[in-house]
Structure formats: C-alpha cells, structure tokens
1. Report the percentage of all Cα-Cα pairs in the range 158-205 whose separation exceeds 15 Å, rounded to a whole percent.
2. Can you pull the Rg over Rh of the range 11-111, Cα-only, Kirkwood?
3. Using heavy-atom solvent-accessible surface (probe 1.4 Å) with all chains present, what is the largest-first order of Lys128, Lys154?
4. On a 0 to 90 degree scale, rounded to 10, what angle separates helix 322-332 from the longest Cα axis of the chain?
5. Ranked from highest to lowest mean number of other Cβ atoms within 10 Å per residue, what is the order of the peptides 63-69, 193-199?
6. At 1.4 Å probe size, with every protein chain present, just tell me what the per residue accessible area of the range 26-95 comes to in Å².
7. In whole percent, how big is the carbon plus sulfur part of the accessible area of the chain, probe 1.4 Å, protein atoms only?
8. Restricting to Cα atoms and excluding each atom paired with itself, what does the Kirkwood estimate give for the range 76-134 in Å?
Amino acid sequence: MTEQRFTPDAYRQQLQEKTQRIDTLFADSEIPTPEIYTSSPTGFRMRAEFKIWHEGDESFYAMYRQGEYKTPYRIDDFPQGHESINRLMPALLTEINACETIRRKLFQVEFLTTLSGEALVTLIYHKKLDDVWQDKAEVIRERLGVSMIGRSRKQKRVLGQDFVTESLQVGGREYRYQQIESSFTQPNAQVCEKMLAWAVANTRQCGGDLVELYCGNGNFTLPLAANFERVMATELAKSSVHSARYNMQLNGVNNIDIARMSSEEFSQALDKVREFRRLKDIDLDSFNFTTIFVDPPRAGLDPHTTAITQRYDTIVYVSCNPETLHRDLKVIAATHQVEAFALFDQFPFTHHIECGAILKRRV
C-alpha cells in the first residue's frame with residue numbers, strides 16, 4: 001500500500017462520491033439534507049487483521065483479494081491503521097522472524113488498539129500451543145508492551161488480558177468501554193465518537209424511557225442513558241451482555257436494564273405472549289417507553305422488528321447498510337417521518353458508509 005492514495009484530496013473526492021450515491025438512493029424518500037461526519041484519511045482503523053505468508057526463512061503480512069486466496073499481496077505499511085498498529089506491525093514482525101517457535105505454523109495476526117493507548121495482539125496458528133510457545137510469547141509481549149493471545153483449534157492462551165479498555169469523549173464526558181478480543185467493536189473510534197454525540201444530541205428532548213435492540217457492549221446505551229429516565233436494552237451475544245454490564249459499572253451508569261434476548265422475544269414479553277425467566281427481575285409494565293434505538297446488522301430489520309419500532313414516538317436508526325435502511329424507511333414512513341439524517345464515514349476509501357436517521361411519529 002502507498003501513502004499517495006490516502007491524501008486529503010483523494011478523501012474529499014471519495015466522500016463526495018459516497019454522498020452522491022446516498023442522495024440518489026434516497027431521492028424517492030422524504031429526508032432532510034444529510035449531516036456529513038468525516039473521518040481522517042489516515043490512521044483511522046483501531047483494529048486490523050492480516051494473514052502471515054511464509055517464503056523460505058521470511059514471513060510477512062499479507063492480504064488476499066476476494067477469490068484469489070492463493071495470491072498474497074504483501075503489506076509493508078498500513079496507512080489506514082491507527083498509529084499504535086503501525087508502530088506494532090514492524091516490531092512484531094521482527095520478533096516473529098527471529099523466533100521459529102513463534103513463526104512456525106502462524107497464519108494470522110490480529111491487532112486491537114484504542115485511542116486510550118492500549119493494544120492487544122492475537123496470533124492464530126495451525127498447531128497446538130505449548131508452554132515453550134507461551135514462554136517465548138511472554139518475552140515478546142513484555143518487549144512490545146501489549147497483551148497477547150495465542151489461538152489454535154480449541155485453544156486460547158491469554159498473556160495479560162483478553163480485552164482492551166477504550167475511552168471515548170461524548171458531550172464533554174468520558175465513557176470507558178471494555179472491548180473483548182473477537183467481539184464486535186466500532187473500527188473507527190473517532191467517527192464513533194461523532195455518532196454517539198449525534199445520537200445524544202437528537203434525543204435530548206425525548207423524555208420517558210428508551211428501549212434499545214442489539215445493544216452490543218453498550219456503545220450507544222451508556223451515553224444515551226443520560227437522556228432518559230430508564231433504559232431497557234437487549235442483546236443476544238453472551239459476551240456482549242457481560243461487557244455491557246461491566247461497562248455500566250465502569251462508568252457508574254445505573255438506570256439501564258439488560259436482557260439477553262432477541263427482538264422477537266422482547267416483543268413477546270412486552271405483549272405478554274410469553275414469560276421469560278431472563279426478565280424475572282424486570283417489570284416491563286413499569287417502563288414509559290417513548291423512544292427506540294436500533295443498530296441492526298447489514299441485513300437490516302426483519303418485518304417483525306420493523307413493526308416493533310413503529311410503536312414508539314421516536315425511532316433512532318443507525319445503519320451500516322444504506323440499501324436496507326432505505327427499504328426499512330419505506331415501511332416506517334407510513335407512521336413516522338425522518339426529522340434528521342446523517343452520514344458517518346466509518347470506512348474511508350471503501351464503498352461502505354454508515355447512516356443515521358431520527359424518525360418522529362406523524363401527527
């Protein structure tokens with residue numbers, strides 16, 4: 001990769017192309033002029049993964065193009081990566097090439113870093129990891145000043161800890177987040193801060209209580225909780241539920257209830273179709289829900305969840321796929337209108353862009 005591609009002029013051009021694509025896609029929809037939240041053209045990715053390619057006595061970082069998995073593209077620099085990743089990449093590679101125990105059958109390296117300065121490196125192998133490997137890896141870990149994980153089939157050896165703690169600034173307050181290795185986290189932390197600030201600013205006058213589906217580790221949940229009396233959040237992944245609860249305590253936020261359940265299960269509980277032991281300590285009837293927040297996967301909302309959102313006065317919809325957002329808004333538009341719309345450029349120099357919509361019930 002070359003720095004020449006990642007220039008401010010090139011970034012402005014690609015962002016303009018994305019903006020035009022969104023304008024065209026939503027031309028048949030009643031949305032206000034989008035607010036555009038930009039990224040830095042370099043140093044924006046907080047996590048990255050690379051294949052390790054071995055040629056003779058040398059190993060190097062590599063990536064593959066889709067469908068070309070036997071043709072490695074050597075990676076000697078990574079301008080998209082945060083400065084911590086770019087500092088660690090050559091130092092780690094030197095250690096890998098200097099130690100056959102670490103190098104042998106290593107096929108992938110993953111970096112997870114934070115704005116707060118923490119870093120976690122995961123080494124993934126096609127071999128069983130023994131105590132000799134761990135002793136060698138511990139020396140490297142201490143030299144690099146990071147936590148480290150070794151993975152192979154049915155094995156996970158943790159040196160240090162298996163998470164980092166990120167610090168994000170939202171509305172003049174610091175929020176700290178445990179981010180566990182292999183769990184989902186926002187890759188562009190600085191744009192994530194802008195997304196959080198946008199969501200908080202646009203729900204400040206909502207009042208009442210909030211329900212959030214797909215809450216993850218509480219990324220949006222924690223700062224949004226300041227705008228509501230109470231928050232009811234749901235999430236399916238066990239590790240994310242544990243992190244969300246951990247992050248509540250870490251930030252001293254105590255007006256959130258979290259349940260491990262799907263959106264369909266939540267609506268069944270709300271409508272008293274079924275009882276759930278997971279809700280035995282939560283009285284849903286005591287909530288005064290005015291607002292719902294959804295941040296679904298790329299597939300967007302299923303019809304059932306779309307219908308759930310239409311129960312509430314305010315809908316906050318953050319989307320990683322404009323096409324499915326466009327589809328879902330067509331349905332929701334029967335009951336709600338878009339009052340604010342935003343573009344968040346999480347992934348510069350790719351076709352991906354995140355969108356956010358604030359919808360209010362039609363009078």
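The values are calculated or read from the model by the stated rules, or taken from the named source; none is laboratory data. All figures in this text were calculated on a predicted structure; none of them were measured in a lab. Quick reminder, even Gly has a Cβ in these numbers, built from the backbone with ideal geometry, and neighbours come from all protein chains shown. Only protein heavy atoms, including side chains, enter the accessible area calculation; ligands, DNA and RNA are left aside. Shrake-Rupley method; radii C 1.70, N 1.55, O 1.52, S 1.80 Å.
1. Of all Cα-Cα distances in the range 158-205, 52 percent exceed 15 Å.
2. On the Cα set of the range 11-111, Rg over Rh gives 1.16.
3. Lys154, Lys128
4. Computed tilt is about 20 degrees.
5. My ranking of the peptides, most packed first, is 193-199, 63-69.
6. Per residue, the range 26-95 has an accessible area of 56 Å².
7. 48 percent
8. Radius from the Kirkwood sum: 12.6 Å.
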